[in-house]
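Input: a single structure, listed below in structure tokens.
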Amino acid sequence: MPSLNKSLVNLALTATILISPMAFSQENQLAVEIPENSVLSDGMLTREELARFAVIGQQQLVKLTEKATEEYTSELIDGDTNMPAAWMLLDDGETIKRINIDDQAEQAPAQMRILMYRAALKSIARRGKINAAVILYTGKVKEGEEAEVLVIEHEHRLGISANKVVPFRLDGGEVSFLQAVTREKPFQMFYDDKHESPAHQG
């Protein structure tokens with residue numbers, strides 16, 4: 001496992017996620033505990049609920065993304081071709097598991113694996129078994145150039161969906177992450193359209 005520069009990693013993973021300075025002290029429990037008469041029962045969110053659950057969703061995505069990136073980092077330096085990988089946060093808000101599709105995708109190229117991960121995570125998400133999911137893969141900044149980026153597709157069932165693009169450098173067996181850029185992306189796992197998510201209910 002490489003020795004990571006923690007400050008760079010934390011900057012890359014959290015610089016573009018807007019979280020209140022008090023969020024982590026106020027919300028210690030990461031499990032999404034939605035009242036019976038709230039989001040899941042009536043499909044609506046009050047402004048107060050939206051603010052509270054948005055904080056929980058952001059915390060869970062940070063937790064999941066950091067764990068996935070930590071595990072994926074070793075694959076960036078092992079000399080093999082970097083293939084996509086995926087992780088999910090179960091509905092208890094704590095347990096993180098890596099998805100294994102090696103048996104079904106042994107000869108599949110990277111782009112096909114991404115599609116297979118999306119399909120697998122969509123199936124699990126639509127059955128309410130997970131709170132969040134991430135797919136990690138690498139790509140070139142520009143065709144023909146050496147500069148590479150780590151792409152982190154992430155979604156949360158409370159209505160968060162984006163791609164985090166993180167430039168990185170390999171130097172002497174270590175990975176250095178630079179500042180991330182977050183781009184909005186359409187929902188592909190939890191919902192067919194962003195307006196179906198709790199955060200976008202009218």
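The values are calculated or read from the model by the stated rules, or taken from the named source; none is laboratory data. Nothing here was measured: the structure is a model prediction, and the numbers come from that model. Positions of Cβ are backbone-derived with ideal geometry, glycine not excepted, and every protein chain shown enters the neighbour counts. Just so you know, the surface numbers come from the protein's heavy atoms only, side chains and all, with ligands and any DNA or RNA stripped out. Shrake-Rupley method; radii C 1.70, N 1.55, O 1.52, S 1.80 Å.
Would you check if ALA51 is touching a strand residue (DSSP E or B) at 6+ places or on another chain (Cβ under 6 Å) and either at pLDDT below 85 or not in a loop (DSSP other than H, G, I, E, B) (or both)? Spell out how you get there, then give the answer.
On the way: touching a strand residue (DSSP E or B) at 6+ places or on another chain (Cβ under 6 Å): no; either at pLDDT below 85 or not in a loop (DSSP other than H, G, I, E, B) (or both): yes.
Against the criterion (touching a strand residue (DSSP E or B) at 6+ places or on another chain (Cβ under 6 Å) and either at pLDDT below 85 or not in a loop (DSSP other than H, G, I, E, B) (or both)), ALA51 does not qualify.
With respect to GLN179, determine if the residue is open to solvent by 60 Å² or more (accessible area, probe 1.4 Å) and over 22 Å from MET88 (Cα atoms).
On the way: open to solvent by 60 Å² or more (accessible area, probe 1.4 Å): yes; over 22 Å from MET88 (Cα atoms): yes.
Here the answer is yes, as GLN179 does meet what is asked.
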Residue among ILE56, ILE96, ILE77, ILE34 that is open to solvent by less than 60 Å² (accessible area, probe 1.4 Å) and either under 24 Å from VAL149 (Cα atoms) or at pLDDT 90 or above (or both): ILE96
Pick from region 100-153, criterion more than 29 Å from LEU178 (Cβ to Cβ) and in contact with an Asp or Glu (Cβ under 7 Å, 6 or more places away or on another chain), ranking: least open to solvent (accessible area, probe 1.4 Å): ILE130
Among residues of region 135-158, those that are out of contact with any strand residue (DSSP E or B) (no Cβ under 9 Å at 6 or more places or on another chain) and either of a type in the set (Asp, Glu) or modelled with pLDDT of 90 or more (or both), counted: 2
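Might you check whether a residue that is in contact with a Lys or Arg (Cβ under 6 Å, 6 or more places away or on another chain), more than 15 Å from LEU89 (Cα to Cα) and in a loop (DSSP other than H, G, I, E, B) occurs anywhere in region 157-168? Let's see the steps before the verdict.
Step one: list which residues in region 157-168 are in contact with a Lys or Arg (Cβ under 6 Å, 6 or more places away or on another chain), which gives 161-163.
Those left that are additionally more than 15 Å from LEU89 (Cα to Cα): 162-163.
Those left that are additionally in a loop (DSSP other than H, G, I, E, B): none.
There is no residue in region 157-168 that is in contact with a Lys or Arg (Cβ under 6 Å, 6 or more places away or on another chain), more than 15 Å from LEU89 (Cα to Cα) and in a loop (DSSP other than H, G, I, E, B).
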Residue in region 118-134 that is in a helix (DSSP H, G or I), touching a strand residue (DSSP E or B) at 6+ places or on another chain (Cβ under 9 Å) and modelled with pLDDT under 90 present: no
